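Engineer: I have a structure I would like to understand better, so I am pasting it below and will then ask my questions one at a time.
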Amino acid sequence: MPRTYADLLKEARAQIREVTPADVDALAPGAATIVDVREDSEWDQGHLPGAVHISKSYVEQQIEGAVPDRDSEVILYCAGGVRSLFAAQTLEQLGYTNVASMSGGFQQWKSQGRPWEKPVSLSQEQKQRYSRHLLIPEVGAEGQARLLGSKALFIGAGGLGSPAALYLAAAGVGTIGIVDFDVVDLSNLQRQILHTNERVGQRKTESAKQTIQALNPDVTVITHEEMLVADNVERIIHGYDVIVDGTDTFETRYLLNDAAVAKNIPVVHASVFRFEGQLTTFIPFEGPCYRCLYPTPPPPELAPGCSVAGVLGVVPGIMGMLQANEALKVLLGIGDTLAGRLLLFDALDSSFTELKLRRDPQCPVCSTEAVAARAEGRPLAIPQFGVGSSSAADAGTFVLGGPVA
Amino acid sequence: MSTVKIPAVLRPQVGGNKELELAGSSVGAVVDGLIEQYPGLRGQLLTDDGQLNRFVNVYVNGQDVRYLDGLSTALNDRDEVRLLPAMAGG
């Protein structure tokens, strides 16, 4: 004999433990995973603080990702306490041993004056554009909103900056600043994929802006058509949440490092030579800074740029994408960055090597002594640059990028 | 014997070798052995008074020797010594 809805509901009630909104409200934070099984449109109107959203139609597919431990407590709720009962049955079928349904659902929770919050609202178009991010619990709507509210600065729209900026733009980082004063050259196009053949001779900042906005109109592009020098570095980097260093001169790298440490802005660093690349993330005071890693620059013959030494185009491509990955983690506050680790890439071997980095306790920029000295308005003297170079004080007069950026 | 990893920028000065096997009970001894074989490297690796240049980092098994014992850092058989200058390219 076919069973009716009433039969099924009765069966579910008999099988599933029910808890009241008061029980759930009294739980210590994190004591149980609270899962909202309503539809997207209902969730968007408001939900329990800290709840995870899995629509009832996706429970089977998504619960294992959200709650890997089948013996941990899971409390489901919907609008009135019925759909959550059926969803709880599904969880039990999947082997979850400690499942409950909140009676009365969100309506009762809200009518009792208990706390609730409204999720970040993304437009329909944004929900579709970023849907693959929204599906990842570590990003989700909140993470996506965070990216949309974030500001990333690219020093150089060249070999490293091109892939990094494209991916951050695609990811929906809401503001992208680009510092470059160079123009697109035909020899750039072997690797600088922000630019195109018909833009040879155009300003790189404008070319980059065009490409980024064609990819994602959510992104505001701020162009800084100027050399990064001591007089403007503080003004240019102000307000950015992360900086992606894709320059190719040591003068600019040191200048940027010193200013970013002083402003407490993370810098994702990469550099390349022929088939090889180096990558790390400098998070001020959590890990070393560029001066801790390389106290002085090498003489020019030991560190030629791409225009002199050449580079396999894909190498800055790979390193730039790894920079984008680091920047996203910094912005989202997830995972472990490369702070304190230097990652080497060798394209000929297809090998990665990791080296341990430490903060230099005597660092003239990021040591405790250096910070105190800056606070007192008497910054520590920075040792002279190496062979054939100028003093740090003069570094600001060097131009960013040079002809190959 | 330790394996010394040579950075791409220095390879032309060591016959194009990517790595070399060198004997020596300390980083200093291995660096001296390297310079003996390839005298052109001296100016790149050491200062006039025989200290490591600040622009070349030396790692033993992934650890910077500046935070170990510098040139005196002891080496065991099959340790990996990596020379690594900063790179300019972007």
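Nothing in this text is a laboratory measurement; each read-out follows from the coordinates by a stated rule. Keep in mind that this is a model prediction, so the values were computed, not measured. Please note: Cβ atoms are built from the backbone with ideal geometry, for glycine as well, and neighbour counts cover all protein chains shown.
Engineer: How long are the three semi-axes of the equivalent ellipsoid for the range A:325-383, computed from the Cα gyration tensor as the root of 5 times each eigenvalue, in whole Å, largest first?
Structural biologist: Values: eigenvalues 199, 56, 16 Å².
Ellipsoid semi-axes (Å, largest first): 32, 17, 9.
Engineer: Taking amide hydrogens as modeled 1.01 Å from N in the peptide plane, which residues meet the under 5 Å criterion relative to residue B:46, leaving out close sequence neighbours?
Structural biologist: Close amide H contacts, sequence-distant or interchain: B:53.
Engineer: Here's a follow-up. What number, in percent, do you get for the relative contact order of the range A:92-168 if the mean sequence gap of Cα pairs under 8 Å and at least 6 apart is divided by its residue count?
Structural biologist: Relative contact order here is 17 percent.
Engineer: Right, here's the next one. Please compute, for the alpha-carbon atoms of the range A:208-348, the extent along each of the three principal axes and give them in descending order in Å.
Structural biologist: 40, 34, 34
Engineer: Residue A:79's amide H: which non-local residues (gap 5+, or another chain) put their own amide H closer than 5 Å, with H modeled 1.01 Å from N in plane and none for Pro or chain starts?
Structural biologist: Close amide H contacts, sequence-distant or interchain: A:106.
Engineer: Can you list which of the trypsin sites (Lys or Arg not before Pro) found in chain B are DSSP loop residues with at most 15 other C-beta atoms within 10 Å? Could you put the intermediate results ahead of the total?
Structural biologist: Values: sites: B:5, B:18, B:42, B:54, B:66, B:78, B:82; in loops: B:18, B:54, B:78.
Counting only loop positions with at most 15 other Cβ atoms within 10 Å, the trypsin sites (Lys or Arg not before Pro) in chain B are B:18, B:54, B:78.
Engineer: For chain B, what does the alpha-carbon gyration tensor say about shape, rounded, prolate or oblate, given a ≥ b ≥ c as the root eigenvalues, a/c under 1.5 as rounded, and a/b over b/c as prolate? If you can, show how the numbers build up before the last one.
Structural biologist: On the way: a/c = 1.29, a/b = 1.18, b/c = 1.10.
Taking the square roots of the gyration eigenvalues as a ≥ b ≥ c, chain B is rounded.
Engineer: Could you calculate the FRET efficiency of residue A:97 with residue A:170 from 1/(1 + (r/R0)^6), where r is the beta carbon distance between them and R0 is 56 Å, rounded to 0.05? Numbers along the way, then the final one.
Structural biologist: Numbers: r = 41 Å, r/R0 = 0.74.
So, using R0 = 56 Å, E works out to roughly 0.85.
Engineer: When a footprinting reagent is the concern and you count Cβ atoms within 10 Å, what order do A:269, A:195, A:238, A:133 take, fewest first? Can you show the working numbers first?
Structural biologist: Values: A:269 29, A:195 24, A:238 11, A:133 19.
Final ranking by Cβ density, sparse to dense: A:238, A:133, A:195, A:269.
Engineer: Do the alpha carbons of any pairs in A:56/A:110; A:263/B:5; A:127/A:209; A:204/A:356; A:356/B:18 sit beyond 31 Å of each other, and which pairs? Don't skip to the answer; put the middle values down first.
Structural biologist: Numbers: A:56/A:110 20 Å; A:263/B:5 37 Å; A:127/A:209 24 Å; A:204/A:356 35 Å; A:356/B:18 21 Å.
Checking Cα-Cα distances, A:263/B:5; A:204/A:356 exceed 31 Å.
Engineer: Just the Cα atoms of chain A: what Rg and Dmax do they give in Å?
Structural biologist: Radius of gyration, then largest Cα-Cα span, for chain A: 26.4, 93 Å.
Engineer: Would you mind classifying the range A:1-122 by shape? Square roots of the alpha carbon gyration tensor eigenvalues, ordered a ≥ b ≥ c; an a/c under 1.5 is rounded, otherwise it is prolate if a/b is larger than b/c and oblate if not.
Structural biologist: Details: a/c = 1.44, a/b = 1.30, b/c = 1.11.
Cα axes put the range A:1-122 in the rounded bin.
Engineer: Report the FRET efficiency, 1/(1 + (r/R0)^6), for residue B:13 and residue A:136, where r is their Cβ-Cβ distance and R0 is 41 Å, rounded to 0.05.
Structural biologist: Numbers: r = 48 Å, r/R0 = 1.17.
That gives a FRET efficiency of 0.30.
Engineer: Give the relative contact order (percent, whole number) for the range A:175-252; include only Cα pairs under 8 Å separated by 6+ residues.
Structural biologist: 34 percent
Engineer: In addition: For residue A:242, which sequence-distant residues (separation of 5 or more, or a different chain) have an amide H within less than 5 Å of its own amide H, given hydrogens modelled in the peptide plane?
Structural biologist: Amide H neighbours of residue A:242, under 5 Å, 5+ apart: A:151, A:153.
Engineer: When a/c is below 1.5 the answer is rounded, else prolate if a/b is larger than b/c, else oblate, so apply that to the range A:116-273 with a ≥ b ≥ c taken from the square roots of the Cα gyration tensor eigenvalues.
Structural biologist: Working: a/c = 2.21, a/b = 1.40, b/c = 1.58.
Verdict is oblate for the range A:116-273.
Engineer: Separate question: Which FRET efficiency value, to the nearest 0.05, is calculated for residue A:263 and residue A:369 with the Förster distance at 22 angstrom and r the Cβ-Cβ distance? Intermediate results must be reported in sequence, preceding the final value.
Structural biologist: Details: r = 19 Å, r/R0 = 0.85.
Once rounded, the FRET efficiency stands at 0.70.
Engineer: Do you know the relative contact order of chain A, to the nearest whole percent, from alpha carbon pairs under 8 angstrom that are 6+ apart?
Structural biologist: Numbers: 787 pairs, mean separation 55.1, N = 405.
Worked out over chain A, it gives 14 percent.
Engineer: Let me ask something additional. Report the Cα centroid-to-centroid distance between the range A:264-309 and the range B:18-90 in angstrom, as an integer.
Structural biologist: 19 Å
Engineer: Taking chymotrypsin sites (Phe, Trp or Tyr not before Pro) that fall in a DSSP loop and have at most 15 other Cβ atoms within 10 Å as cut points, what is the longest piece of chain A between them?
Structural biologist: Details: sites that count: A:116, A:285.
Result for the longest clean stretch: A:117-284.
Engineer: Same structure, new question: With the alpha-carbon atoms as the only input, what is the per residue convex hull volume for the range B:45-90 in Å³? Don't jump to the answer; show the numbers that get you there.
Structural biologist: Working: hull volume 4.2 nm³, N = 46.
Enclosed volume per residue, from the Cα hull, is 91 Å³.
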